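Everything below concerns the one structure shown next.
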Amino acid sequence: MNKKLYALIALFSLVAVFVSCGDDDDEATAELIAWKAHQDQIFRDSVNTGRFSELKSNTGNGSVYYRKSNEIGTKLIEITDTPPLFTDSVVCRYTGWYYNSKNERVTFDTTEGSSNAQGGRGFSLAGYVNNSGTRIGGVIDGWVDILQIMHINDEYLVCLPQQLAYGYNGSYDSNNKVYVVPQYTTLFFNIKLLKIFRKQTTGDDGK
């Protein structure tokens, strides 16, 4: 095979690579254009509700549209006279432990070793559902049950069967590749309820 034929094959290969890359670029560009169009439509639909005021940007690059809201702070009210609901957030002090095969107590989680132990730790009972439908955060079933009968400053010692704790899955630390709580483990907690917060719903999602 002569040099001219090698050169011709190399040239065709190079053209094929560029055509392939060009197709990928065209597809990515089309997706980006569609995404931008969708986002622009969301913006127009929101502004056209007439519920926003216009504030021209100092940059000269368009306007900010705004209205008064109560999503932060005042929308979250502190409850002092009733136990929490499943949809509430709480602040607790607690220590959790289990007993290993030698009946030795193993503490796996506590607020009491920190410098701000008096302030407790806050969390949502139910957690939240992300865009893919997966529930993130929240507490184990046994905590949901016990917290919903507790009042502010109540402190309970709680024993949870494994099916109301971490059950078959246990609590696995994927970073260190160890079980913080082994599978099928009975758990014990001292829990003190410090605060309850309830979110008022207004249906105000920005649209």
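Summary of values
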read-out: Pick from the range 172-188, criterion part of a loop (DSSP other than H, G, I, E, B) and within 20 Å of Tyr94 (Cβ to Cβ), ranking: least open to solvent (accessible area, probe 1.4 Å); value: Thr185
read-out: Residue count for the range 159-178, restricted to those that are in contact with a Leu (Cβ under 8 Å, 6 or more places away or on another chain) and among the hydrophobic types (A, V, I, L, M, F, W, C); value: 3
read-out: One residue from Ile149, Ile136 being hydrophobic (A, V, I, L, M, F, W, C), touching a residue at least 60 places away in the same chain (Cβ under 8 Å) and surrounded by fewer than 15 Cβ atoms within 10 Å (Cβ to Cβ); value: Ile149
read-out: Some residue of the range 174-182 being more than 19 Å from Phe108 (Cα to Cα) and among the hydroxyl-bearing types (Ser, Thr, Tyr); value: no
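Residue-wise test of (1) within 24 Å of the chain's Cα centre (by Cα); (2) within 24 Å of Thr80 (Cα to Cα); (3) modelled with pLDDT of 90 or more; (4) of a type outside the set (Gly, Ala, Ser).
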{"residue": "Val106", "(1), (2), (3), (4)": "no, no, yes, yes"}
{"residue": "Gln148", "(1), (2), (3), (4)": "yes, yes, yes, yes"}
{"residue": "Gly170", "(1), (2), (3), (4)": "yes, no, yes, no"}
{"residue": "Thr185", "(1), (2), (3), (4)": "no, no, yes, yes"}
{"residue": "Lys192", "(1), (2), (3), (4)": "no, yes, yes, yes"}
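Quick grid of which residues meet (1) touching a residue at least 60 places away in the same chain (Cβ under 8 Å); (2) of a type in the set (Val, Ile, Thr); (3) surrounded by fewer than 18 Cβ atoms within 10 Å (Cβ to Cβ); (4) under 11 Å from Gly96 (Cβ atoms):
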position	(1), (2), (3), (4)
Leu157	no, no, yes, no
Leu160	no, no, no, yes
Gly170	no, no, yes, no
Ile191	yes, yes, no, yes
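The values are calculated or read from the model by the stated rules, or taken from the named source; none is laboratory data. Quick caveat: nothing in here was measured; it's all calculated off a predicted structure. Every residue, glycine among them, receives a Cβ derived from its backbone with ideal geometry; neighbour counts consider all protein chains shown. For accessibility, only protein heavy atoms count, side chains too; no ligands or nucleic acids. Shrake-Rupley method; radii C 1.70, N 1.55, O 1.52, S 1.80 Å.
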